Amino acid sequence: MSKDWTLVIKPEKRLLDVDLKGIWRYRDLWYMYVKRDIVTVYKQTILGPLWFFIQPAFTTIMYMFVFGGLAGISTDGAPQPLFYLSGIMLWNYFSECFNGASNTFTANAGIFGKVYFPRLVVPLASLTSNLVKMLIQLLLFVAVYIYFVATGTHLSLNAAAFLFPLLVFLLAFHALSWGLIISSLTSKYRDLKYLVSFGLQLFMYATPIIYPLSAAGDKYRWALELNPLTPIFEAFKYGFLGCGSLSWGGLLYSTVFMLVALFFSIIIFNRVERNFMDTV
């Protein structure tokens, strides 16, 4: 039999290609994923969207009792509800985006095997839907903030608060890049997701959420500063509460870390995307 083929089908997509035009063409699908993530989560619950407020509120109260009360961990002079609520709000956004991106292949294998669309639509939709949820929780933060201001508590709101969109952008793409790498690996090694779930819980304690960076002391401060999320959380608390610290070098480090991780995540994601249906 002759092996001089007249037609050879090869993937045209390079490892660094991002189909932005395709993502834009499927923007309606993006919107449907966002709507699904927001509406269906609490669709058959009694309290419905109120859970967006209840969860961070009860978590804040628990942190105040355990870490602020029993453990006596300092909040750098900031009111405990605002200190813990700010960290919970940002961490929830990061963790939800990370979990959404890390489950891209395994959770959507059924639809990926039936129809083609740019696979990045799914994790990007997760970033968007979780952003809406975070903005809803931001209303709770603002309400508590106004209460403390009205009661005479001095809060050093400053120009660093305008960095909020940049901080959210960095959090989102840190979660996206890390999540895409994990999603690519778990498509073949399923038990990795259990390790990642446990590691994410530990990683929360390596991020200044329940404590300020200043409480770490010189002995452990350097280790916490290696965490690319640390300058993001510290900058938010510095801008809105006047505690924490604003490190331009730290934000630059976080940005470079994010870009490098995003570079490798796109390469790995595009490589796995070609044949992941054979392993999922």
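Here are a few things to note about the model shown:
- Residues Tyr194, Tyr93, arranged from fewest to most other Cβ atoms within 10 angstrom of their Cβ, appear as Tyr194, Tyr93.
- The fewest-to-most ranking of Lys237, Lys114, Lys133 by surrounding Cβ atoms within 10 Å reads Lys114, Lys133, Lys237.
- Rounded tilt (10° steps) of 164-186 against the dominant C-alpha axis of the chain: 40 degrees
- Shape call, segment 20-278: gyration tensor on alpha carbons, a/c limit 1.5: prolate
- Contact order normalised by residue count of segment 169-280, Cα under 8 Å, 6+ apart, percent: 40 percent
- Summed over qualifying helices (DSSP H, 4 residues or more, each -39500 (n - 2.57)) and divided by its residue number, the chain shows a 222 nm mean residue ellipticity of -20500 deg cm²/dmol.
- Look at the alpha carbon pairs under 8 Å that are at least 6 residues apart: their mean separation over the length of segment 20-278 gives a relative contact order of 27 percent.
- Measuring between alpha carbons in the structure, the pairs from Lys188/Lys219; Lys133/Lys193; Lys35/Lys193 lying more than 31 angstrom apart are Lys188/Lys219.
- Förster radius 25 Å - calculated FRET efficiency between Ala107 and Tyr189, Cβ distance, rounded to 0.05: 0.95
Taken together, the values in this text are just the output of simple stated rules run on the coordinates, not laboratory data. Owing to the predicted nature of the structure, the values given are computational and were not obtained by experimental measurement. Here the Cβ is made from the backbone with ideal geometry for all residues, glycine too, and neighbour counts use every protein chain on show.
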